[in-house]
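Notes for the one structure printed next.
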Amino acid sequence: MAKRAPDNPYSVHPGIRVVQDWVESLPEKTGRSLDEWITLVRKSGPKDQKERVAWLKQKHGFGTNGASWIAERADGVGLEDSDPELYLQKAIEYVDAQYSGTKAALRPIYDELLRLGKALGKDVRACPGKTIVPLYRRHVFAQIKATTNKRIDLGFALKDTPPTGRLVETGGREKGDRITHRIAITSLGEIDDEVNQWLRAAYDLDQ
């Protein structure tokens, strides 16, 4: 596993290992390595990425994820999905992009929520995606999302906890999502004892 730079607050997303395992299994499962599939796509497949995905699914029997991963790599993108060091570089870019432009004013709120989440324990990992930053212990126990230009939603995995105060349900439990509740935050002053209480509760539940 790649080591993050001292000034990088993020950890490698667990999904990286999933993609690495998939890449390693390709020769046995399909008769071709990833490089061989990329060569075939570039030589014989459609030029458009969407059409490449459909071609890989229909002609070669790939599922949606596998077809998408190969099609992306044939275009030279998506490499961070299986390369820990590239992912850690991209993680910083993902967050910078989330809090740029009209959402730039939300960055201090994000930074404080990230600090509070990581302060819960040494086992907390922040693994950014393109639109959210989930916090992991064993599983995702919270997530930080810039939902609008003026609001961050701090989501929690709280199972069947009744909503109370500022804590509202997301509908996630009915959909089978990890994140079941959230608190809306529009200023640093709203990061109060209630926010800390639910962040700690979600962390403690994920043991």
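The values are calculated or read from the model by the stated rules, or taken from the named source; none is laboratory data. Treat the numbers as computed from the prediction; the structure is a model and nothing was measured. Positions of Cβ are generated from backbone atoms using ideal geometry, with glycine treated the same way; all protein chains shown enter the neighbour counts.
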> For residues in the range 78-89 being crowded, with 19+ Cβ neighbours inside 10 Å and touching a helix residue (DSSP H, G or I) at 6+ places or on another chain (Cβ under 6 Å), which is farthest from Ser25 (Cα to Cα)?
Replying inline: Tyr87
> Within the range 132-179, how many residues turn out to be of a type outside the set (S, T, N, Q) and farther than 23 Å from Ala97 by Cβ?
Replying inline: 24
> Which of the residues spanning the range 1-24 are at pLDDT 85 or above, of a type outside the set (Ser, Thr, Tyr) and in a loop (DSSP other than H, G, I, E, B)?
Replying inline: Asn8, Pro9, Val12, His13, Pro14
> Is there any pair with a first residue in the range 134-155 that is under 20 Å from Arg166 (Cβ atoms) and a second that is part of a strand (DSSP E or B) and of a type in the set (S, T, N, Q) whose Cβ atoms are under 6 Å apart and which are 6 or more apart or on different chains, and what are they?
Replying inline: Gly155/Gln143
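Leu116 - would you say it is in the same structural domain as Thr180 (by TED's automatic domain parsing), surrounded by 15 or more Cβ atoms within 10 Å (Cβ to Cβ) and either within 17 Å of Thr186 (Cβ to Cβ) or among the hydroxyl-bearing types (Ser, Thr, Tyr) (or both)?
Working: in the same structural domain as Thr180 (by TED's automatic domain parsing): yes; surrounded by 15 or more Cβ atoms within 10 Å (Cβ to Cβ): yes; either within 17 Å of Thr186 (Cβ to Cβ) or among the hydroxyl-bearing types (Ser, Thr, Tyr) (or both): yes.
The answer is yes for Leu116.
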>> Considering only the range 187-207, I want to know if a residue exists there that is more than 27 Å from Asp96 (Cα to Cα), polar (S, T, N, Q) and modelled with pLDDT under 95.
In response: yes
> Just for strands (runs of 3 or more DSSP E) wholly inside the range 99-176: which have at least 1 residues that are in contact with a Gly (Cβ under 7 Å, 6 or more places away or on another chain)?
Replying inline: 133-136, 140-146
> In the set Thr102, Thr164, which member is surrounded by fewer than 16 Cβ atoms within 10 Å (Cβ to Cβ), of a type in the set (Val, Ile, Thr) and free of Cβ contacts under 8 Å to residues at least 12 places away in the same chain?
Replying inline: Thr164
> For the range 71-105, how many residues meet the condition of being of a type in the set (Asp, Glu) and at positive phi?
Replying inline: 0
> Filter the range 28-77 for residues that are part of a loop (DSSP other than H, G, I, E, B) and crowded, with 16+ Cβ neighbours inside 10 Å; which is farthest from the chain's Cα centre (by Cα)?
Replying inline: Gly45
